[in-house]
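Below is one structure; the comments refer to it alone.
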Amino acid sequence: MPARKKRFECGHKAFGKICRRCIYLENERLRYQRMQEQKELERRELEAIAKELGVNPAGYRKNVLLKAYNIVKQIREGAPFARFNWRLLKAMGQREIIRIKVDRCHRLIFRVDKMGTKFLELLTHERYNTRLASGGWLD
Ligand SMILES: [Zn+2]
């Protein structure tokens, strides 16, 4: 006698003792849920990073935020500026100000004085140029 399809409690009809379709759907649901949780975790992490950098997370791409944060972290841990694409803005009248290029369009600003090294801000190169032209980061 050939095996017959059986109707499960869930309503699906198939061969076997358990409904594979329901198992598949449940696995998919869990996979989706884990993905959503992962996304939420990343979103919160990025938000915390943006806050640390003093910027609105919506205004910067994820890669820029992560790279900028990584540089700030390394500098705070004592890495030399020479490790990055840096420049002392002394010639521009910004005696204690150092800028690091995050990428083509983004800059990090630090102040280095007898109090130590302090991260000031992350900005786009347009805002950087405007700021520099209008007095820079002098107190
Ligand atoms: Zn089922």
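The values are calculated or read from the model by the stated rules, or taken from the named source; none is laboratory data. Only a predicted model underlies this, so the values are computations on that prediction, with no experimental measurement involved. So basically every Cβ, Gly included, is an ideal-geometry build from the backbone, and we count neighbours across all protein chains shown.
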Worksheet item: Filtering the range 52-61 down to residues that are modelled with pLDDT of 95 or more and part of a helix (DSSP H, G or I), which residue is surrounded by the most Cβ atoms within 10 Å (Cβ to Cβ)?
Response: Leu53
Worksheet item: Would you pick out the residues in the range 1-43 that are among the acidic types (Asp, Glu) and either assigned to a loop (DSSP other than H, G, I, E, B) or within 16 Å of the ligand (Cβ to nearest atom) (or both)?
Response: Glu9, Glu26, Glu28
Worksheet, complete the sentence: Those residues of the range 1-48 which are acidic (Asp, Glu) and in contact with a Lys or Arg (Cβ under 9 Å, 6 or more places away or on another chain) amount to Glu42
Discussion item. For the list (1) in contact with a strand residue (DSSP E or B) (Cβ under 6 Å, 6 or more places away or on another chain); (2) away from the ligand (no atom under 16 Å from the Cβ), I need the number of the one condition that Gly59 fails.
Written reply: (1)
Discussion item. Of everything in the range 59-94, what is farther than 18 Å from Thr130 by Cα, more than 10 Å from the chain's Cα centre (by Cα) and in contact (Cβ under 8 Å) with a residue 12 or more places away in the chain? Give them in sequence order.
Written reply: Ile71, Val72, Ile75, Arg76, Phe81, Phe84, Asn85, Trp86
Worksheet item: Only one residue in Ile100, Ile49, Ile71 is among the hydrophobic types (A, V, I, L, M, F, W, C), closer than 30 Å to Leu122 by Cβ and in a strand (DSSP E or B). Which one?
Response: Ile100
Worksheet item: Does the range 123-130 include one or more residues that are loosely packed, with under 15 Cβ neighbours inside 10 Å, in a helix (DSSP H, G or I) and of a type in the set (Ser, Thr, Tyr)?
Response: yes
